[in-house]
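Take a look at the structure below.
Derivation of every value follows stated rules applied to the coordinates shown; laboratory data play no part. Just so it is clear, the model here is predicted, and its values are computed rather than measured. Don't worry about glycine lacking a Cβ; one is built from the backbone with ideal geometry, like all the others, and counts go over all protein chains shown.
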């Protein structure tokens, strides 16, 4: 079955712009999480969604936001981009919490965002 | 708060050598523990997991045992291949119902023929 897909794969923006990244989870998965990966800070949790509700949020400024749609697809938005937002943004999907099918997350290939 | 500490890389080995990548964690209770692998230009792939003390996760020749007494989850492989060259991340998931993963800093493995 198809894995987690993320679009676009690569993106170049300039400071001050905003960007929207998209994530389509594996069919049947209803939880989606987002992570930021940078050489300096490593992998950091951004937020987690289940049934269109944000369940958990990492320690990022309000410029970072997200949402989940009724089909479980998710988007994240970064407004007023800064140079430090350049990173690989990873999306992961999983079955709903508490289900018996396992608690692992499956990651997409990521969106590489470069802010100039 | 919860945290994961991994050994610094890069780790450079010859093919067929024994691999150990150390991982220790700080957490309350019994978190779930994971090893993920990232190949160049790709996302993360789950390599193995363990959800309770003394569990051993294994996959593709890799193994790791959940040691509560030493709060460790070291990754081992008896004979590495060139194709194992990648970055390896140790991670934990806490006891709440969230899927939030806390990752170590990653260890780059380079296997030479």
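Eigen-decomposition of the gyration tensor built on the alpha-carbon atoms of chain B gives equivalent ellipsoid semi-axes of 24, 14, 12 angstrom, largest listed first. As a rough footprinting exposure proxy, the listed residues B:18, B:103, B:73, A:106 were ranked by other beta carbons within 10 Å of their own, and the order from fewest upward is B:18, A:106, B:103, B:73. Contact order for chain B, expressed relative to its length and based on alpha carbon pairs under 8 Å spaced 6+ residues apart, stands at 37 percent. Apply the a/c threshold of 1.5 to the C-alpha gyration tensor of chain A and tell me whether it is rounded, prolate or oblate. Cα axes put chain A in the prolate bin. Largest first, the three principal axis extents of the alpha carbons in the protein assembly as shown are 48, 39, 36 Å in whole numbers. Cα gyration tensor of region B:23-62, axes a ≥ b ≥ c as square roots of the eigenvalues: rounded (a/c below 1.5), prolate (a/b > b/c) or oblate? Verdict is oblate for region B:23-62.
Restricting to bridges with both residues inside chain B, how much of the DSSP beta-bridge set is antiparallel, in percent to the nearest 5?
In chain B, approximately 90 percent of DSSP beta bridges are antiparallel ones.
With both labels modelled 7 Å from their Cα along Cα-to-Cβ, the residue B:15 to residue B:39 distance reads 1.7 nm.
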